[in-house]
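Notes follow the structure.
The values are calculated or read from the model by the stated rules, or taken from the named source; none is laboratory data. Predicted model only: the values in this text are computed from it and were never measured. Methodologically, a virtual Cβ is constructed for each residue, glycine included, from the backbone with ideal geometry; neighbour enumeration extends over all protein chains shown. Each accessible area value is taken on the protein alone, full model and side chains, heavy atoms only, with ligands, DNA and RNA left out. Shrake-Rupley method; radii C 1.70, N 1.55, O 1.52, S 1.80 Å.
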Protein chains: 2
Amino acid sequence: MCALVVGRLHGLLWAMAEWGKHLAGVEGLVLDISGVLYDSGGEGGGVPIPGSIEAVKKIKTSGLKLRFCTNETQATRDKFVGKLQHLGFDIGVDEVTAPAPAACRILKERNLRPHLLIHDDLIPEFADIDRANPNCVVVGDAADNFSYKNLNAAFQVLIGLENPVLISLGRGRYYKETDGLKLDVGAYMKALEYACDIQAEVVGKPAKMFFQSALKEMGIEPHQAL
Amino acid sequence: MCALVVGRLHGLLWAMAEWGKHLAGVEGLVLDISGVLYDSGGEGGGVPIPGSIEAVKKIKTSGLKLRFCTNETQATRDKFVGKLQHLGFDIGVDEVTAPAPAACRILKERNLRPHLLIHDDLIPEFADIDRANPNCVVVGDAADNFSYKNLNAAFQVLIGLENPVLISLGRGRYYKETDGLKLDVGAYMKALEYACDIQAEVVGKPAKMFFQSALKEMGIEPHQAL
């Protein structure tokens, strides 16, 4: 994948124009959402970044394949995409790559039955996953669900396993909300890693596997993507 | 300090007899409490390990100086020692070295005003410490006080400081209670370290400074201690 990092989408369009000569062979685009399409927080859950709604339209009419990548794990994709649509974006649920569905694929592939330490609103994403007699833990941005009791419950599952598997939906340190900075999933991942003397498997940005799965969903190769 | 590690106190007495020839010059003894004098948990808060009550008596009548070291941070020394006395031990509050009083000395020496993330029962140990406008965080085994809200509050203090200082009352991974394994302070220390990209200063076993402070309180040098 080309190493083009842009903070804002109108910046990306500018960069695409500048980089025109490098775009030969590019068939698809992977876009971040928070901080690129919109700023989260406030009433209505966020505000579009000026120019980004139009930019998404332009990319779509250009014929480039488009995929949105997010580390959002406080809501299902349905709910998250609904919010973006409400803000004016032309975006569908099946265009979004998010950690929870990626984790579900891994769980199924490896016959893993998770104990979930996640936000209540994310639980529906795991509806068709067997969670009886858990043999791994999945941790997401659980926010207020990160109680001592709940973290202990996850820890007790892990420490009781012969080969403890901890899957973390991201490794963020913290994020900003309207009422201040908040600890992100990475901090709690580290707590469990230390307590059990293990290394988590991270699903979500910046894990390579996560971007690869976005490309797979577009049906293109890394060298064809931006 | 001589490198003699014993799991149980009657084991120590046996070792002392075996090591008799090495004991010349030894003037003081530093003893662990949990798992050496007594096993915690259950009704009454624990049970004495067979022979340990008598062993403490013997050491005291031998003329050796004696100091007890503990990483207990769920209660004040008063309360903790009261429990041990109730179990039958000849032990006084001024004979115990614990992380909280050691942390208080550091806070005073360095003009640090802590935000406390500790167990409610430990708060009285910090009664004469200025906590207005905090410029550091002290984290102990806060148990149920380790809510998302409380951990965020500590994080927000740290991330807002130019030079974030995190003092951790121990670095334990977990401990056993009658109803199962519980996460210890070390796990939460790691969460805050990761979120703020800092290193905590650990007060308590196995920090060298902690043992040194026990020796200082006995008024003896490391080579005179066991």
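Okay, here's what the table says:
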quantity	calculated
Amide H contacts under 5 Å for B:Ile118, placed H, 5+ residues apart	B:Gly140
Sulfur and carbon atoms: percent of accessible area, the protein assembly as shown [1.4 Å]	51 percent
Label 7 Å beyond Cα on the Cβ vector: A:Glu177 copy-to-copy distances, nm	2.6
Chains A and B together, accessible area buried on both sides, 1.4 angstrom probe, square angstrom	2600 Å²
Above-threshold pairs, the threshold being 26 Å between Cα atoms, out of A:Lys58/A:Lys83; A:Lys79/B:Lys182; A:Lys79/A:Lys176	A:Lys79/B:Lys182
Peptide-level mean, for B:176-183, of C-beta atoms on other protein chains within 10 Å	4
Which of B:Ser62, B:Ser147 is most accessible, then next, and so on - probe 1.4 Å	B:Ser62, B:Ser147
Integer Hz, Karplus 6.51/-1.76/1.60 couplings in order for segment A:50-56, x for Gly and Pro	x, x, 6, 4, 5, 4, 4
Nm distances between copies for A:Ile129, ranked from closest, using label points 7 Å along Cα→Cβ	4.0
Test item: B:194-202 mean partner chain Cβ contacts at 10 Å	3
Theoretical ellipticity at 222 nm over chain B - DSSP helices of four or more residues, -39500 (n - 2.57) apiece, nearest 500	-10000 deg cm²/dmol
FRET efficiency, 1/(1 + (r/R0)^6) with R0 35 Å, evaluated for B:Ile129 and A:Ser147 via beta carbons	0.80
Sequence-distant residues sharing a close amide H with B:Lys65 (under 5 Å, placed H)	B:Gly28, B:Leu29
Neighbouring partner chain Cβ atoms per residue of B:147-157, average, 10 Å criterion	5
In order through segment B:75-83: 3J(HN,Hα) via Karplus (6.51 cos²θ - 1.76 cosθ + 1.60), integer Hz, x for Gly, Pro	7, 5, 4, 3, 5, 5, 5, x, 5
Whole-number percent relative contact order across segment A:66-190, with pairs defined as alpha carbons under 8 Å at least 6 apart	22 percent
Cβ-based net charge around A:Leu169, under 11 Å, with every Lys or Arg adding one and every Asp or Glu removing one	-3
Inter-copy label distances at A:Asp90 (7 Å, Cα→Cβ; nm, one decimal)	8.8
Listed residues A:Ile59, A:Gly46, A:Val185: farthest to the positive end of the dipole of chain A (Cβ charges)	A:Ile59
